[in-house]
1. With the chain treated as a Gaussian network of Cα nodes joined by springs under 10 Å, which of 61, 254, 246 yields the largest mean-square fluctuation?
2. Would any residue of segment 106-145 have its amide N under 17 Å from a label point 7 Å out along Cα→Cβ of residue 76? List them or say none.
3. Among 33, 192, 167, what is the fewest-to-most ranking by other Cβ atoms within 10 Å?
4. Quick one: angle between helix 6-26 and the longest Cα principal axis of the chain, in degrees between 0 and 90, rounded to 10, please.
5. Would you mind computing, in nm to one decimal, how far apart the modelled labels at residue 243 and residue 200 are, each placed 7 Å from Cα along Cα→Cβ?
6. So which residue, out of 135, 187, 275, gets the largest mean-square fluctuation from a GNM of the chain using Cα contacts under 10 Å as springs?
7. Select from 189, 202, 265 the residue whose mean-square fluctuation is largest in a Gaussian network model of the chain (Cα-Cα springs shorter than 10 Å).
8. What do you get for Rg/Rh of segment 8-122 when both radii come from the Cα atoms and Rh is the Kirkwood radius?
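No value in this document is a laboratory result; all are computed from the given coordinates. All values derive from a computational prediction rather than experimental measurement. Because the Cβ atoms are built from the backbone with ideal geometry, glycine has one as well, and the counts that use them run over all protein chains shown.
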Ligand code: NAD
């Protein structure tokens, strides 16, 4: 069993980006600049957004964090976005999700200039992704492609089963892996909550991407020998033995599958750490596009 080490791989990617930024600065060029808007005080969201800002600093990017109160109106948020859209100093920006219930998430995502939409959530970028045109691939599927590539995992002609059809993970993952691209050319089955007899499908899989959000859902008896498993799930389960009171659990029963898998991402330390690295990569891409 080989662990697909997202922690190490993401550190490598950040190191590569930092070198590139240092080179830009040596040529007296400005550094890429990522901004993030967060509305409200949700603890997990604040942790994520702070981690993104910190990662920017570590690679030498400029970063701006815009914190807005919970009661911010949709109109005020749209105004903030309009300002960032035309600010030439900002190469890319994200609006941290989820948003408070009184704000229409789709409306907000659609207001972001697609050229600065480094999360890749704007319908124009999702459409480009579906057509295999150059775009910002959203960070989680992008991170999974990168992990598969860096560990030389062959996807061409393989049977891939994706579990979960969310807009941010399962759906784009299934599209990307079926496309004619370096990490792609797979025969993909997208499964979801209405899929019948999932086990008979997962048992045929050479590669499984589990993104359903049910802790330890994928069991040993559901997979074949030699399978590659990408565990996207992150659920916080209460654990009084831990300092912070919880532990992170994936969608895969790690101990149940470990004797059968050829490669697997651990949770934590697999897909999770890749997400921020790929956001930085998209910001660098936005920077180069705007420079040229
Ligand atoms: P979601 O919660 O939006 O949707 C879950 C999907 O799973 C749905 O499409 C549903 O049809 C499917 N599903 C539910 N029960 C099922 C079943 N019994 N059999 C088959 N399919 C079933 O999904 P999401 O936002 O992609 O999140 C999934 C998990 O991935 C969560 O644990 C989330 O925290 C995690 N996640 C991790 C990262 C990361 O960076 N590692 C990023 C995004 C999401």
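1. Between 61, 254, 246, it is 246 that shows the largest mean-square fluctuation.
2. 108
3. 167, 192, 33
4. With rounding to tens, the tilt is 30 degrees.
5. Placing both labels 7 Å along Cα→Cβ, they lie 5.0 nm apart.
6. Among 135, 187, 275, the largest GNM mean-square fluctuation belongs to 187.
7. Ranking 189, 202, 265 by mean-square fluctuation puts 189 first.
8. 1.00
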